Amino acid sequence: MAQPHSADKDGFLYPRIRYQGQVKPENLVFNANLQEFAQKVSYITAFETRGKLSPTEAYEQIKTLWYQLKYSKKELGIGTNDDSNVDS
């Protein structure tokens with residue numbers, strides 16, 4: 001049986017959805033950060049569900065990721081300009 005290519009594995013393990021919003025560097029960076037956040041939360045919840053993490057540990061890890069995402073949003077200036085009023 002042939003081994004899948006590394007790109008195939010990465011695409012399966014770390015799926016990325018193509019960005020559809022307003023194309024600006026800060027939006028693209030935030031979108032990548034948001035997708036990474038979602039992927040990590042998915043793993044944490046899976047570990048908690050399987051008993052590999054306690055609910056408290058899972059909560060604390062997700063809380064840390066959330067603060068990192070909020071910091072990223074603030075540093076990139078997302079939502080501070082007119083783009084926060086755009087309906088998608």
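The values are calculated or read from the model by the stated rules, or taken from the named source; none is laboratory data. Since we're looking at a predicted model, the values are computed, not measured. Reconstructed Cβ throughout: ideal geometry from the backbone, glycine too, with neighbour counts over all protein chains shown.
Listing for the model above:
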quantity: Residue match in region 11-25 (condition: hydroxyl-bearing (Ser, Thr, Tyr), outside any helix (DSSP H, G or I) and modelled with pLDDT under 95); calculated: yes
quantity: Single residue of region 55-67 satisfying the filter (surrounded by 13 or more Cβ atoms within 10 Å (Cβ to Cβ) and in contact (Cβ under 8 Å) with a residue 12 or more places away in the chain) that is farthest from the chain's Cα centre (by Cα); calculated: Ala58
quantity: Leu65 modelled with pLDDT of 95 or more, assigned to a helix (DSSP H, G or I) and not aromatic (Phe, Trp, Tyr); calculated: yes
quantity: Some residue of region 45-60 being at pLDDT below 95 and assigned to a loop (DSSP other than H, G, I, E, B); calculated: no
